[in-house]
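First the structure, in the form of structure tokens, and then the observations on it.
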Amino acid sequence: MRFEPVVPRPKAKRTPVSRRFVVIGAAGLILLGILFFRLWSLQVVTGDRYLAEANQNRTREIRVPAPRGSILDSEGHVLVDNRMSMAMQLDPIELPEKPIERRDLFARVGKVLDRSPEWVGKKVREEIHENPPGSPITVAQDVSDDIVYYLQEHQSEFPEVQVNRIFVRKYPQGLLGAHVLGSVGEVTAEDLEANPDKDLAAGDTLGKTGIEQTYDDELRGAPGLTRLQVDSTGRIVSQLPSTLPDPGDSVRLSIDQDVQQAGETSLQSIGLPGAFVAMDVNSGQVLGLGSNPTFDPAIFTKPLTQKQVDDLYDEDLGAPLFDRAIGGQYPVGSIFKPITALAGLDGGFITPSTVVNDAGTITIADQEFDNAGKQAHGPVDLRRSLEVSSDVYYYLLGADMNGTRQLQDWAGNFGLGRATGIDIPGESEGLVPTPKWLNQAHREEPDYYDPWVIGQNIQFAIGQGYFQASPLQMAVAYSALGNGGNVMKPKLYQQTEDAAGRVKEEAEPEVVSTIPLDPAYRQDIMDGLHDAAQAPDGTSYQVFGGFPVKVAGKTGTAERQPKADQAWYAVLAPYEDPEIAVVVTVEEGGFGADTAAPVALQIMQAYFDKQAKPVSGGGGSVE
Amino acid sequence: MESSRLSRHSTRDPRLGLLERAGLAGMDGWLAFSALGLIACSLFTLYEASGENIAGAPEQYVQRQALYGLVGIIGMIAVSRIDYSRFRELRVGIYTFLCASIFAVFTFGVAARGSTNSLELPFFTFQPAELGKLLLILALAGFVIDGAKRGSEAGRSFRYLALGLVPTGLVLLQDLGTSLVFGAITIAIMVAAGVRWSHLAVIGVALTGFIAVVLVVMPAAGVPVLKEYQQERLTSFLSPSSDIGDAGYQQNQAKVGIGAGGTTGRGDQATQSRFGFVPERHTDFIFAVVAERYGFVGAALVLSLFALLFWRALRLMTLSKNFYGTLVAAGIAAAVIFQVFVNVGMNLGIMPITGIPLPLMSYGGSAIIATFLMIGVLQSIHIESHAAQRSPWID
């Protein structure tokens, strides 16, 4: 072999090797082929999907809350704006799973806040329970600067803790307009579900009640998005193109701060539950709207304690959260009489000159109906019936209209028995009693309801019985009387302004319906109401007699068994060409002239910026 | 005839050119090209992508890898000038040294990346098992030649297997991945040696059974052979999208990075590898870095260089002047391609995480130098085959 020429080599030796060479080569080729194919399929075929995944991997998006727009009064006074608050928050992703580690975290956080680990743990559990998944867990708000600096300096010891600047609602006017303004709160899972078309995410703030709720879209603004590039440990590597938050627009209300202040202060000074509404009769714009007792809207900017929640709803404390101005449903007493009179005039049951001899009491269908204190007013015509508030006059009218729908229709004409459509939630519809309704109710619940009898219509004629309305509804009704028959949709909203103060949108007056009001009849009613307020025999002469602006006002004293009588006052001014309607009610306030009318006077004084002179004498009529 | 025989052993011959004087005469150019191409790709990738690995020393990996490469290339040239057939004579010594060096790790070893497989030497942490791959090839091939005519076929098969399994078993206790390479080398040499298919089939069945017992049966019986993390590494590629932090997550991140690379790569936008989503980006997962940064084009280039290397090694099986060279070439070809498959397969999410480096690409001195020495042996086979063609009596 040694001396053989070797090229080519002897076949005998090559055969097994070349065969095995092919086997190893084929095996390697197959392995390489698998790799090539897999590589090609990953990169070329499905590369886009992985690219998307990689991009998602390395970016973290942080919503930067937009400052919420301010709420202003009609003059531009700030009713609500924002303040910055430092909130100590935990990143839910960073929250350890192991109970021991959690306890350790709570202990460390608690030590910083000077709280027990249990307190922190409870807080965290509540936050997780209340807010949608992924929301930052706010452990403490309004954290002091000391704590903020401490946390910043010791950031490495608290990787789970963030101190974030959050916007908190601020109320420069204190309690003013609390029921109107409403409150904001963190988005809940239900909110997210209910508003799929809104750009909402966990951790956002949403208007929950009042103006904050109705005009949330205007006020909320658009959050910014800070996009950060992060590495595999979540460490921020760089900032990617981001969007800045777009501050919310300001909403200017038609509320006049002076009117509102006057109403709230004077109502509070009486110390009884009550409400007031002041309305521009021509536009339907609400100039003031308040309910007593009230509350500090700022309490909603922090987590409420159970006691605070209980107190807000506590009947013994007057249920301060309840907005009586729009949600209260009461018998309204004599302030209803103008509507009864117009119904009677329209139906031909009376003329302006129809005279009734008011002996202070009258018996109809074996039932005795009395004036207040059985005071006899003698012969009264329409105008006099309003001036002295003769009940007998209206008892007879109510009796005459029984069996027709005349009174019910006219109550409906004035917008009673249905929601006014005011732009804050929570209003009630009231109740206009009809025979059909009461008889139906009697069939369903005979123990509670008696069938309709003539007495129902008689009671209804003086705003009593089953009839119920809210102060707002009465204000809308009086506005319609004042403006000549237009039932306006009451509105608190006046306009939207952007951050630079430019008007983006303005409220348009909305006429809900028009009453076929005979101008002559209307004038008779207005004259009667003017006498009632400012003629010496008028029921509220002591209050409005010295007011330099001519007004048309009506007292009301509604029986609300077993409670004491409820005081009402409804007034239009100026009498000749009314601009403003004010309705005031005071629960258990007794005679309307005693408690409700003085509040209305305060509001009128604020509106016209004119003071009433004291008057003496007069006031022969009581209610 | 005489002169040409002397030509590779005498650099003083005035007729020799520069390459031959440098000892490069007769080398396989394509083989050298593939090896140098791969180390160049490695350096380029490390230069571009590992800057953020060590704070304050962005060039450290590149510089060290370049040094390892340089040492490796010198080693390659040196080895290529030795007639590889000399190693056959030294087989017993090599084999003893192989086992002893691996064994030494048990006594003097230091831990790195989860397994104790290194020896701390001055200036250098040496992984005996890396060089061991070459040593096993050289020794086992020699033993095969020894026993080619002795004993029954079954006896021979068993002897080869036993000789291969001793170091394989020793390494298994230190590093699963490397022991798999040892096993692959043993099988490849047996295949090349002409061991009966039926014997190989029996070994295959036994191996499958063994894996099943270790991974499935024993853990199910409550006797875990592997540590939990080892088991997880081996099986995680079957369910890649598990929780963040475990092996499957990391492997999935590598896969995402590779996919995101697309056809032409993401360059410096390669966020998966830049921002640490891809683990071990300079060592085990360097292929994922290449694939994300340079896309299918870059990754396919690397695979093509391995294909070239493999082809040249295979070719030497047929060119070798003797059967020993054929066996050695088979062992080296198999060792390289097996490591490429397991490592790249791991990157691509089709193989378990085993810690096998990508030859000539992954950062690491022991592996780089040892692989260059393998190439050196292949070059020696090539040179010797040329010499043998000119002086046939040498065989």
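Every read-out reported here was derived from the displayed coordinates using simple, explicitly stated rules and does not represent laboratory data. On a predicted model such as this, the values are computed, not experimentally measured, just so you know. Using ideal geometry, Cβ is built from the backbone for each residue, glycine included, and neighbour counts are taken over all protein chains shown.
Take each residue of peptide B:323-331, count the partner chain Cβ atoms within 10 Å of its Cβ, and average: the result is 2.
Among the trypsin sites (Lys or Arg not before Pro) within segment A:200-296, those in coil by DSSP and having at most 16 neighbouring Cβ atoms inside 10 Å are A:235. Just to verify a number: FRET efficiency for residue B:196 and residue B:318, C-beta to C-beta distance, R0 = 35 Å, to 0.05? FRET efficiency, residue B:196 to residue B:318: 0.95.
Inside 10 Å of the C-beta atoms of B:194-206, what's the mean count of C-beta atoms belonging to other chains?
Values: counts 5, 1, 0, 1, 0, 0, 1, 0, 0, 0, 0, 0, 0.
If you average over the peptide's residues, the count of other-chain Cβ atoms is 1.
Site pair residue A:190 and residue A:419 shows an inter-label distance of 1.7 nm when each label is modelled 7 Å from Cα along Cα→Cβ.
Full extension of the chain segment joining residue A:162 with residue A:52 gains 36.7 nm, where the gain is 0.36 nm per residue of separation less the Cα-Cα distance. Counts of other chain beta carbons within 10 angstrom of each beta carbon in peptide B:267-279 average 4. Shown for A:301, A:555: other C-beta atoms within 10 Å of each C-beta, ranked fewest to most, produce the order A:301, A:555.
When the C-alpha to C-alpha distance is required to be over 30 Å, the pairs from A:170/A:554; A:504/A:610; A:198/A:302; A:123/A:208; A:170/A:307 that qualify are A:170/A:554; A:504/A:610.
3J(HN,Hα) couplings calculated from phi for segment B:40-46 with the Karplus curve 6.51 cos²θ - 1.76 cosθ + 1.60 (θ = phi - 60°) are, in sequence order, 5, 4, 4, 5, 4, 5, 5 Hz; Gly and Pro show x.
Would you mind calculating the gained length between residue A:608 and residue A:513 on full extension (0.36 nm times residue separation, minus the Cα-Cα distance), in nm to one decimal?
Working: separation 95, 0.36 × 95 = 34.20 nm, distance 2.86 nm.
Full-extension gain reported as 31.3 nm.
Over segment A:60-253, the hull volume per residue, using the convex hull of the C-alpha atoms, is 143 Å³. Each label was represented as a point 7 Å from its Cα along the Cα-to-Cβ direction; for residue A:150 and residue B:217 these points are 6.2 nm apart.
Nearest 500 deg cm²/dmol is fine: what mean residue ellipticity at 222 nm does chain A get from its DSSP H runs of n ≥ 4 alone, each adding -39,500 (n - 2.57), divided by its residue count? Display every interim value, and only then the final one.
Working: 22 runs with 230 residues, N = 623.
Calculated mean residue ellipticity at 222 nm is -11000 deg cm²/dmol.
Taking the three principal axes of the alpha carbon atoms in segment A:425-474, the coordinate ranges are 33, 24, 16 Å, sorted in descending order.
What FRET efficiency, computed as 1/(1 + (r/R0)^6) with R0 = 25 Å and r the Cβ-Cβ distance, is obtained for residue A:97 and residue A:141, rounded to the nearest 0.05? Walk me through the numbers before you get to the answer.
Numbers: r = 26 Å, r/R0 = 1.05.
Once the sixth-power term is evaluated, E becomes 0.45.
Take the alpha carbon atoms of segment B:341-355, find their center, do the same for segment A:488-554, and report the distance between the two centers in whole angstrom. Using only Cα atoms to place each centre, the spacing works out to 84 Å.
Distance between the pseudo-spin-label points of residue A:116 and residue A:370 (7 Å out from Cα toward the beta carbon): 6.2 nm.
Straight-distance candidates among the lysines for linking to residue B:321, with alpha-carbon spacing under 20 Å and chain neighbours fewer than 8 residues away dropped: A:11, A:13, B:149. Residues of segment A:165-195 with an amide N closer than 18 Å to a point placed 7 Å from the Cα of residue A:85 along the Cα-to-Cβ direction: A:165-176, A:178, A:181-188. Legend: Rg and Dmax of the protein assembly as shown, from Cα coordinates, 48.4, 158 Å.
Please check which bits of segment A:176-190 a label hung off residue A:298 would reach, taking the label as a point 7 Å along Cα-to-C-beta and the cut-off as backbone N under 20 Å. What the label zone holds, given the 20 Å backbone N cut-off, is A:176-186. Taking amide H atoms as placed 1.01 Å from N in the peptide plane, the amide H of residue A:546 lies under 5 Å from those of A:613, A:615, each 5 or more residues away in sequence or on another chain.
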